[in-house]
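The values are calculated or read from the model by the stated rules, or taken from the named source; none is laboratory data. These numbers were taken from a predicted model, which means no experiment stands behind them. Note: ideal-geometry Cβ built from the backbone for every residue, glycine included; neighbour counts use all protein chains shown.
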Amino acid sequence: MNGGSEDRMDEGRERILSVRGLTVGFGGPTVLENLDLDVYRGEILGFVGGSGTGKSVLMRTVLRLNARQAGSISIFGRDFDGLSYADRLAVDTRVGVLFQQGALFSGLTVLENVQVPMREYLDLPTAMMDDLARLKIELVGLRPEAAERYPSELSGGMIKRAALARAGA
Ligand SMILES: Nc1ncnc2c1ncn2[C@@H]1O[C@H](COP(=O)(O)OP(=O)(O)OP(=O)(O)O)[C@@H](O)[C@H]1O
Ligand SMILES: [Mg+2]
């Protein structure tokens, strides 16, 4: 993907995510109103706020899982609204998400859950996907046996770790 490289620089720092004037609601009180946000390369940003104040809604909107009433969202210097399907896919493959409730597929094992992004976007031999998934599972601190377990057989912390392994994949 090309373009936008000047727009995304800010005093020598590269803007990875740029949100302007974001307004989101679901028919009741507005959840996010006219929100601006920049996240720069290498930056680690935490949101802190009361329960139900809109942290997850912000993340879901940035991922295009929620509609918005107003505002623009750019990732890697590209305005989402102007992207073709192929470019959106290219952006999506660079984004990893760990959902608050894990959002693991209940009918798939941990190994199969971690392999979902690989199956969706890559064309790899099964043995290589198995190796990659087992590596991801080890990296998040799960025991190797967890690979064959289903989400209903995991503790809350194990679900988080498995979801993190999938986000990293
Ligand atoms: N799809 C939806 N439809 C209607 N209302 C929603 C929807 N998603 C979120 N909300 C509402 O938006 C508000 C913000 O929710 P959100 O999940 O962003 O909170 P949060 O800040 O992540 O809270 P927590 O710290 O508990 O995770 C809440 O009032 C919630 O009920
Ligand atoms: Mg939340």
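For A133, indicate whether it is among the aliphatic types (A, V, I, L, M) and closer than 20 Å to A103 by Cβ.
yes
Name the residues in segment 145-154 that are over 14 Å from A103 (Cα atoms) and surrounded by fewer than 10 Cβ atoms within 10 Å (Cβ to Cβ), would you?
Result: E145, single match.
Table: residues versus (1) within 16 Å of ligand 1 (Cβ to nearest atom); (2) in the same structural domain as G157 (by TED's automatic domain parsing); (3) surrounded by 11 or more Cβ atoms within 10 Å (Cβ to Cβ).
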{"position": "G21", "(1), (2), (3)": "no, no, yes"}
{"position": "L32", "(1), (2), (3)": "yes, no, yes"}
{"position": "D36", "(1), (2), (3)": "no, no, no"}
{"position": "K55", "(1), (2), (3)": "yes, no, yes"}
{"position": "L58", "(1), (2), (3)": "yes, no, yes"}
{"position": "V62", "(1), (2), (3)": "yes, no, yes"}
{"position": "R88", "(1), (2), (3)": "no, no, yes"}
{"position": "Q101", "(1), (2), (3)": "yes, no, no"}
{"position": "P117", "(1), (2), (3)": "no, yes, yes"}
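So which residues in segment 26-62 are assigned to a loop (DSSP other than H, G, I, E, B), among the β-branched types (V, I, T) and within 14 Å of ligand 2 (Cβ to nearest atom), if there are any at all?
V48, T53
Scan segment 65-107 residue by residue and report those that are away from ligand 2 (no atom under 16 Å from the Cβ), within 24 Å of A162 (Cβ to Cβ) and part of a loop (DSSP other than H, G, I, E, B).
Result: T93, R94, V95, G96, L104, F105, S106, G107.
Cβ-Cβ below 9 Å, separation at least six or inter-chain, first residue in segment 121-135 and free of Cβ contacts under 8 Å to residues at least 40 places away in the same chain, second part of a helix (DSSP H, G or I) and acidic (D, E): which pairs?
Y121/D92; A133/E112
Please identify the pairs in which a residue from segment 43-56 that is farther than 17 Å from G28 by Cβ has its Cβ atom under 8 Å from the Cβ atom of a residue that is among the small types (G, A, S) and within 11 Å of ligand 2 (Cβ to nearest atom), counting only partners at least 6 apart or on another chain.
As it stands, the answer is K55/G49, since those pairs meet every condition given.
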